[in-house]
1. Modelled label-to-label distance, Lys66 and Phe35, 7 Å Cα→beta-carbon offset: nm?
2. For the range 5-107, what does the alpha-carbon gyration tensor say about shape, rounded, prolate or oblate, given a ≥ b ≥ c as the root eigenvalues, a/c under 1.5 as rounded, and a/b over b/c as prolate?
3. For the chain, just the Cα atoms, rotate onto the principal axes and tell me the three extents in Å, largest first.
4. Using a cut-off of 12 Å between beta-carbons, work out the net charge of the residues near Ala158 (Lys and Arg +1, Asp and Glu -1, Ala158 not included).
5. So which helices of the chain fit the span-like rule, where a helix is a whole DSSP H run, its Cα atoms reach 20 Å or more along the axis, and its mean Kyte-Doolittle is at least 0.5?
6. What would the Debye formula give as log10 I(q)/I(0) at q = 0.17, 0.18, 0.20 Å⁻¹ for the alpha-carbon point model of the range 85-197, no solvent?
7. Would you mind computing, in nm to one decimal, how far apart the modelled labels at Ala22 and His110 are, each placed 7 Å from Cα along Cα→Cβ?
8. Connecting C-alpha atoms closer than 10 Å in a GNM of the chain, tell me which of Ala46, Ala78, Ala122 has the biggest fluctuation.
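Just so it is clear, none of the values below were taken in a lab; they were calculated from the coordinates. Note that this is a predicted model, so its numbers are computed, not measured. Cβ coordinates were reconstructed from backbone atoms using ideal geometry, including for glycine residues, and neighbour counts include every protein chain displayed.
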Amino acid sequence: MKTILMSLALTGGDWVIWALIAGSIAAVAVIYDRFKLLRDERAALASLRAPVLAAIDSGSHDAMEKVLSAHPGFASRALAEGLAHLPRGPQAAAEHFAAALSDERRHLEHRLLWLGTLGNNAPFVGLFGTVLGVIKAFHDLAQSGAGPEVVMSGLSEALVATAVGLLVAIPSVLAFNIFSKWVRDLLAEAEALGRRL
């Protein structure tokens, strides 16, 4: 077991850097996907608000159905679900709306867990790569018997893994926080429309 761990440690931190780069490519794909989806959902909800409020004020069930079918987005789908059950009473409509909104939340938050996990763990993965690089540098020093130049070169290369880990983590955490706030705001606004309905 000790031999296996030592051979892993002597590989250095290069493979860790490549793993972090692969994770960052996946994070960029998730950021693009969520940005596009949430931007579209914000626009759809903004265009839905005034017609829905006008239909609610008119008191017409048919007008409300027409407005909801004409507008895309998660809020329209959730409101349509509540409206469909309104003949069974306001409590049934509210429960179906809440259930539909819960389903839509999962759709909006899809893949955000990846950003949060990567953002929280990338610095530790980078630190792991640095530790492996330091172990390799000292092993190379012991084997070669050369001066501290060998260790300094190895240490500088090892610290790159920590830098890459931070470089991956910071945008991931930032995007996770921004998108989580957007999702909360969208759901709060949709819930407000549902209560008015």
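1. 3.9 nm
2. Prolate is the answer for the range 5-107, as a/c is 1.5 or above and a/b outweighs b/c.
3. Between the extreme Cα coordinates on each principal axis of the chain lie 87, 32, 19 Å.
4. Computed value for this residue: -2.
5. Those that pass (Cα extent of 20 Å or more, hydropathy at least 0.5) are 14-58, 112-144, 148-196.
6. So the normalised log intensities are -0.85, -0.89, -0.97.
7. 2.4 nm
8. The residue with the greatest mean-square fluctuation here is Ala46.
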